[in-house]
Amino acid sequence: MGRFFLFALLTWITGNPLLAVLVLIALSLPGWWAGSRYAWKMGRWMRAWGEAGRLRRALAVNPHDVKARTDLGAILVRQGRFREARAELTQAMPRADDLPEANYALGLCLLHDGDGEKGRELVERALALNPKFGYGEPYLRLGDFRAGRGEWERAAERYRQATGIHSSSVEGWFKLGQALDHLDQRDDARTALREAISSYRTAPWYQRSEGRPWVRRAHRLLGSLR
């Protein structure tokens, strides 16, 4: 109702309904952008970029700052810059091998670069240091490692651990359903896939873009199991 009166007022002021519509759109864009997932993702990227710059400056002053180097490596991993991350984390590891963050981030680099066994060992070491580190994500990556080798039973075990910690993980539930399908446990697979769909529907708006590819795959796989 408020927009209707605003439209009427703008039409009266401008004398042109089309121009009034354009003004309304222009006035709405800042609010739409501020609340959109694109603004949220860009804001997250800009914060990471700014934090990486701050950490590089800190390392220029003190190259022996292990925490700063570990944090920088973790940011580079999240950005998909695995080669740069590996260089930073390899420097940090002699004095950071008791940090879950360092073990996990370097483990991801090695998994990405094809050194799977060493990467798996480091991810498992991160979990040994802190079983709840990463809110279930390390278990997902271990499950992916097993799934890539066709070890579906061990993959399912890891995905169960992931969803046990992060019970609304769309990715975790889909991958558990996929693993159970490979094990011919169709009823349990359907249950997991329905959990993936339900988790997506109840997820906050800013998390839905991350869950969208997995919920689409969950719908397709669930349809093939009916």
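The values are calculated or read from the model by the stated rules, or taken from the named source; none is laboratory data. Fair warning: this is a prediction, and the values are worked out from it, not measured in the lab. When we count neighbours, we look across all protein chains shown, and the Cβ atoms used for this are built from the backbone with ideal geometry, even at glycine.
From the list Arg160, Arg83, the one residue that fits, being within 30 Å of Leu222 (Cβ to Cβ) and basic (Lys, Arg), is Arg160.
Screening Gly73, Gly80 for residues that are within 18 Å of Leu108 (Cα to Cα), under 23 Å from the mean Cα position of the chain (by Cα) and outside any helix (DSSP H, G or I) leaves exactly one candidate, Gly80. Listed conditions (1) exposed (fewer than 14 other Cβ atoms within 10 Å of the Cβ); (2) under 13 Å from Ala105 (Cβ atoms) are all met by Arg47, apart from (2). You will find that of Ala87, Ala147, the residue that is out of contact with any Leu (no Cβ under 8 Å at 6 or more places or on another chain) and within 27 Å of Leu59 (Cβ to Cβ) is Ala87 and no other.
Gly211: crowded, with 22+ Cβ neighbours inside 10 Å, in a helix (DSSP H, G or I), at pLDDT below 95 and out of contact with any Cys (no Cβ under 9 Å at 6 or more places or on another chain), yes or no?
Details: crowded, with 22+ Cβ neighbours inside 10 Å: yes; in a helix (DSSP H, G or I): yes; at pLDDT below 95: yes; out of contact with any Cys (no Cβ under 9 Å at 6 or more places or on another chain): yes.
It is true that Gly211 is crowded, with 22+ Cβ neighbours inside 10 Å, in a helix (DSSP H, G or I), at pLDDT below 95 and out of contact with any Cys (no Cβ under 9 Å at 6 or more places or on another chain).
Within the stretch 165-192, which residues are in contact with a Phe, Trp or Tyr (Cβ under 7 Å, 6 or more places away or on another chain) and surrounded by 24 or more Cβ atoms within 10 Å (Cβ to Cβ)?
Applying the first criterion (in contact with a Phe, Trp or Tyr (Cβ under 7 Å, 6 or more places away or on another chain)) to the stretch 165-192 yields 165-166, 170-172, 174-176, 179, 182-183, 192.
Across the stretch 165-192, the qualifying residues are Val170, Glu171, Gly172, Phe174, Lys175, Leu176, Ala179, Ala192.
The C-beta contact set for the stretch 160-184 (first residue in the same structural domain as Arg212 (by TED's automatic domain parsing), second residue not in a helix (DSSP H, G or I), distance under 6 angstrom, 6+ apart or interchain) comprises Thr163/Ser169.
Does the stretch 146-164 hold any residues that are small (Gly, Ala, Ser), in a helix (DSSP H, G or I) and surrounded by fewer than 19 Cβ atoms within 10 Å (Cβ to Cβ), and which are they? I'd like the intermediate steps shown before the answer.
Here is the first cut: in the stretch 146-164, the residues small (Gly, Ala, Ser) are 147-148, 150, 155-156, 162, 164.
Cutting the leftovers down to in a helix (DSSP H, G or I) gives us 147-148, 155-156, 162, 164.
Those that are small (Gly, Ala, Ser), in a helix (DSSP H, G or I) and surrounded by fewer than 19 Cβ atoms within 10 Å (Cβ to Cβ): Gly148, Gly164.
Among the residues in the stretch 174-191, are any among the charged types (D, E, K, R), in a loop (DSSP other than H, G, I, E, B) and out of contact with any Cys (no Cβ under 7 Å at 6 or more places or on another chain)? Steps first, answer last, please.
Here is the first cut: in the stretch 174-191, the ones among the charged types (D, E, K, R) are 175, 181, 184, 186-188, 190.
From what is left, the residues that are in a loop (DSSP other than H, G, I, E, B) are 184.
Pick out the ones that are also out of contact with any Cys (no Cβ under 7 Å at 6 or more places or on another chain) and you get 184.
Yes - at least one qualifying residue is present in the stretch 174-191.
Tell me whether the stretch 109-127 contains one or more residues that are of a type in the set (Val, Ile, Thr), part of a helix (DSSP H, G or I) and within 26 Å of Trp173 (Cα to Cα).
Just the residues of the stretch 109-127 that are of a type in the set (Val, Ile, Thr), to begin with: 123.
Filter again for part of a helix (DSSP H, G or I), leaving 123.
Checking which are within 26 Å of Trp173 (Cα to Cα) leaves us with 123.
Yes, some residue in the stretch 109-127 is of a type in the set (Val, Ile, Thr), part of a helix (DSSP H, G or I) and within 26 Å of Trp173 (Cα to Cα).
The rows are residues; the columns are (1) within 30 Å of Val123 (Cβ to Cβ); (2) surrounded by 15 or more Cβ atoms within 10 Å (Cβ to Cβ); (3) out of contact with any helix residue (DSSP H, G or I) (no Cβ under 8 Å at 6 or more places or on another chain); (4) at pLDDT below 95.
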position: Leu18; (1), (2), (3), (4): no, no, yes, yes
position: Ser28; (1), (2), (3), (4): no, no, yes, yes
position: Trp33; (1), (2), (3), (4): no, no, no, yes
position: Met42; (1), (2), (3), (4): yes, no, yes, yes
position: Glu51; (1), (2), (3), (4): yes, no, no, yes
position: Gly80; (1), (2), (3), (4): yes, no, yes, yes
position: Ala96; (1), (2), (3), (4): yes, yes, no, yes
position: Pro100; (1), (2), (3), (4): yes, yes, no, no
position: Cys109; (1), (2), (3), (4): yes, yes, no, no
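Taken together, the criteria exclude Ala87 from residues that are out of contact with any helix residue (DSSP H, G or I) (no Cβ under 8 Å at 6 or more places or on another chain) and more than 20 Å from Gly119 (Cβ to Cβ). Checked against the criterion of being buried (at least 23 other Cβ atoms within 10 Å of the Cβ) and polar (S, T, N, Q), the stretch 129-145 has no qualifying residue.
What residue, of Glu153, Glu121, is within 20 Å of Leu99 (Cα to Cα) and more than 20 Å from the chain's Cα centre (by Cα)?
Numbers: Glu153 fails: within 20 Å of Leu99 (Cα to Cα).
Exactly one residue qualifies, and that residue is Glu121.
The combined condition, being touching a Lys or Arg at 6+ places or on another chain (Cβ under 6 Å) and either part of a helix (DSSP H, G or I) or of a type outside the set (A, V, I, L, M, F, W, C) (or both), is not fulfilled by Tyr200.
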